Every structure is written in C-alpha cells, then in structure tokens.
1. Collect the residues in segment 14-41 that are open to solvent by less than 80 Å² (accessible area, probe 1.4 Å) and either closer than 30 Å to I57 by Cα or among the hydroxyl-bearing types (S, T, Y) (or both), keeping them in residue-number order.
2. Which residues, taken from segment 39-64, are under 24 Å from K12 (Cβ atoms), polar (S, T, N, Q) and either assigned to a loop (DSSP other than H, G, I, E, B) or modelled with pLDDT under 75 (or both)?
Amino acid sequence: MEQSNTGEPITKHYHVILHYERIAEEESKFEAMHNTIMGNTVVENANITVIEIDPDIPIEPLTRSRD
C-alpha cells in the first residue's frame, strides 16, 4: 500500500476481470446460474486479472442479462 507524505493511504482504481467456466448439469438456467454464483469454486478456480487504471478513464462495467 502506498502512502502520502502525511501517512494516509493512497486510493487507486483497478479494473478486475474474472473468468470462470463450468459445465452445469441443472434443471434450469436459473439453477445453473444460482448454483454457480453460490459456489466458492468460482473465485477459487477462476482466472483473475487486476489492472491498475487511471481514475478518470471512462469504463462502463460489462453487464449481462440473467434470463
């Protein structure tokens, strides 16, 4: 953690990308999504990339429909 001359932590901005794939054998699309989100293995087995970014960069989060 970087600190300013006064000892205060310097807040930075990061773009975090999480990639996880699995074959879900479930009764419905809802069950497949729900059980994936609830499983701890998503984070444990995912490829995670963290990139420091300029705080003024105009990035819109990617959102997906859960239909």
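1. Listed by number, the residues that qualify are H15, I17, Y20, S28, T36, T41.
2. Across segment 39-64, the qualifying residue is only T63.
The values are calculated or read from the model by the stated rules, or taken from the named source; none is laboratory data. As the structure is a computational prediction, the values presented were derived from the model and not from experiment. As a convention, Cβ positions derive from the backbone with ideal geometry for all residues, glycine included, and neighbour counts pool all protein chains shown. Side chains included, ligands, DNA and RNA excluded: accessible areas come from the protein's heavy atoms. Shrake-Rupley method; radii C 1.70, N 1.55, O 1.52, S 1.80 Å.
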